[in-house]
Amino acid sequence: TPLYAVFGNPIAHSKSPQIHQMFAAQEGVSVRYERRLSQPDAFARDIAAFFAGGGAGANVTLPFKIQAAELAHETSPRARAAGAANTLIRLSDGLILADNTDGIGLVSDITQNLGFPLAGKRILILGAGGAVRGVLQPLLDENPAEIVIANRTHEKAQALARQFGIAAEQTDRLKNGFDLIVNGTSGSLGGQVPAVPAAVYAGCALAYDMAYGDTATAFQTAAALAGAAHTAGGLGMLVCQAAASYRLWRGFAPDTAPVVAALGKAV
Ligand code: ATR
């Protein structure tokens, strides 16, 4: 039985084992998928031991995504652009390839599950941390008309804007006109919503929070109140990034919609 695992800290509440078991059921195979708690100074050793012991592939979550990209023998272009990896793949020669499926997870949830094509659209990204860096290249690959990034600490938005060739704007100067607004800040689950003028949400077709909870997030609630036509939380992104990892490991592309539905939470 092939062995997979997700490494993180904390890890006890990870939904990844449940998600990947549903994918395996779709493929009609049996796999093991375990949670592994690690520590920053032990992570590289833990990964080496996992693959030496026959592990077929690993997911990596906070706070190890940057280390995961650094320890791999090879790194995909999108993991390099993200500076982080969420997927480790054992190559046939035993070497480890680091990839990052977070961005395509976001894109496929929005374009396929939510039915919202991104080509020609105006996109606003809120936040400029690791989560945002991980999704910018796959969003750009969809050929939007424009991506604007805004962050509480403007200098961090400017740095990402330079790296990816997009525009940065100060949060208090943002105007409306965006088709899609993505919240990539880390405060949403604690009820913190990025401070942007309410008018920014007017006419917005979709406000998407990369965070998710059992109910709508604070960002979803605020965006709906301010006029966003639809909102979504990040559970679909979680399932879609997992599906992309599964496909990289096994060559089987799971159907994500029934898995999102089975998890049974507000999206
Ligand atoms: P992650 O890996 O989740 O992206 P991070 O790299 O620490 O975490 O980045 C957190 C992001 O959320 C940053 O853009 C941060 O803004 P600052 O750069 O100004 O710190 C943003 N953030 C966190 N809490 C926030 C809040 N209450 N309001 C607005 N932005 C917030």
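The values are calculated or read from the model by the stated rules, or taken from the named source; none is laboratory data. Model, not experiment: these values are computed from the prediction. Quick note on the areas: whole protein, heavy atoms, side chains included, nothing else; ligands and nucleic acids left out. Shrake-Rupley method; radii C 1.70, N 1.55, O 1.52, S 1.80 Å.
Observations, loosely collected:
- Centroid-to-centroid separation of the stretch 121-139 and the stretch 169-244 [C-alpha atoms, Å]: 12
- Shown for the chain: lysine pairs separated by 8 or more places, or found on different chains, whose C-alpha atoms are under 27 Å apart, numbering 7.
- Cα-based shape type of the stretch 127-192, given that a ≥ b ≥ c are square roots of the gyration tensor eigenvalues and the cut on a/c is 1.5: rounded
- Whole-percent carbon and sulfur share, accessible surface of the stretch 172-229, 1.4 Å: 55
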